[in-house]
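Throughout, read-outs are computed from the coordinates displayed, never taken from laboratory work. Computed from a prediction, not measured in an experiment: that's the story for all the values here. Glycine gets a Cβ as well: all are built from the backbone with ideal geometry, and neighbour counts include every protein chain shown.
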Amino acid sequence: MKAFLITALLHLLSALPLRLAQGVGAGLGRLLGWLPGDMRRITRINLEHCLPDLPARERERLARASLVEAGRAFAELGAMWLWRPERLLALVREVRGWEQLEQALATGRGIIVLSPHLGAWELGSLYGAPRHPLTALYRPLRVRALDDLVRTARERTGARLMPTDGSGVRALYKALERGEMVGILPDQDPGRGAGVFAPFFGHPAKTMVLVSRLASRSGAAVLICVPERLPRGRGFRLHFTPAPAEVSAADLNRSVAAMNAGVEAWVRRLPAQYLWSYKRFKSRPEGEPRWY
């Protein structure tokens, strides 16, 4: 029943023009900002720790704006997952930095594209896959019907999704050996037994090491992709910028810290469009108090 309701809601949202769907999402986000709940609580906690110098009133304003953007991001999923590719990609009004991606691919060493939880992060791979082969990791959803929908949606412009296990990691290495693109979400907490702690907004954040190992072993360039959400439902502006050079360093701690610094710099540019309601600091160093 849950899968049916979610699927029905996505189809309903997909029937709306983007501006109207985002308006519905913005309304939902405003409710989340007023009502007590985990999303509001986690957003406030993250902002209090990550932007402590921001006056309390401005921080609360940013928290509410972030929840509105999260609502818009949810409401966009109807378009992201169900619209015809040509209709969806027509919403990309501007692309900045694509020439850097093309130049990196021309070296033949492949490219690692990082898409943090910023803006319309589903859009980057949907835009890139029709232009160059793209491989990404995918963790199957527990509900089969939803899993089929999401997998089909993410693969419909040509991306190849691989499992988040050893076979998937090997597929990423092979894609880079062929000079292709791989896409990775760099700001997920990898959980127990994986990753290292590295600074993110001045705090230790458990961070994946996969990007560092891929970059140092393959020599692939690393770019950050940010699909910025434009106001008033006008669509999206895609940004492709080089990650800090130290991401490719052989020293794991330096590499991971550089990756987080690159993501942080982008979040500071578009703070309201970051998913502050995500438990980015769920894992804590031994002896450190929990945030959530």
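Some values worked out for this structure:
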quantity: Exposure proxy order (Cβ contacts within 10 Å, fewest to most) of 53, 148, 189; calculated: 53, 148, 189
quantity: Cβ-placed point charges (K, R +1; D, E -1), dipole of the chain about Cα centre in debye, nearest 20; calculated: 640
quantity: In Å, descending, principal axis extents of the Cα set of the range 87-188; calculated: 40, 34, 24
quantity: Distance in nm between pseudo-label sites at residue 284 and residue 53 (7 Å out along the Cβ direction from Cα); calculated: 2.5
quantity: P(r) weight above 21 Å for the range 172-267, C-alpha pairs, percent; calculated: 36
quantity: Stokes-Einstein D for the range 2-273, Kirkwood Rh over Cα pairs, 10 °C, 1.306 mPa s (µm²/s); calculated: 82
quantity: Summed side-chain charge close to residue 15 - residues other than residue 15 whose Cβ falls under 15 Å, Lys, Arg +1, Asp, Glu -1; calculated: +2
quantity: Distance between the range 45-80 and the range 270-292 - C-alpha centres, whole angstrom; calculated: 13
quantity: Summed side-chain charge close to residue 291 - residues other than residue 291 whose Cβ falls under 10 Å, Lys, Arg +1, Asp, Glu -1; calculated: +3
quantity: Charge sum, other residues only, whose C-beta stays under 12 Å from residue 31's C-beta, Lys/Arg counted +1 and Asp/Glu -1; calculated: +3
quantity: Residue 185 long-range amide H proximity, modeled H, under 5 Å; calculated: 115
quantity: Set of lysines with alpha-carbon distance to residue 206 below 29 Å, sequence-local pairs under 8 removed; calculated: 174, 279, 282
quantity: Spatial separation of Cα centroids for the range 1-41 and the range 154-222, in angstrom; calculated: 30
quantity: Extension gain from residue 216 to residue 9, taking 0.36 nm per residue of separation minus the Cα-Cα distance; calculated: 70.2 nm
quantity: Most positive-pole-ward Cα, 134, 203, 62, against dipole of the range 2-273 from beta carbon charges; calculated: 62
quantity: Global geometry of the range 230-292, whether rounded, prolate or oblate, following the gyration tensor of its Cα atoms and the 1.5 cut on a/c; calculated: oblate
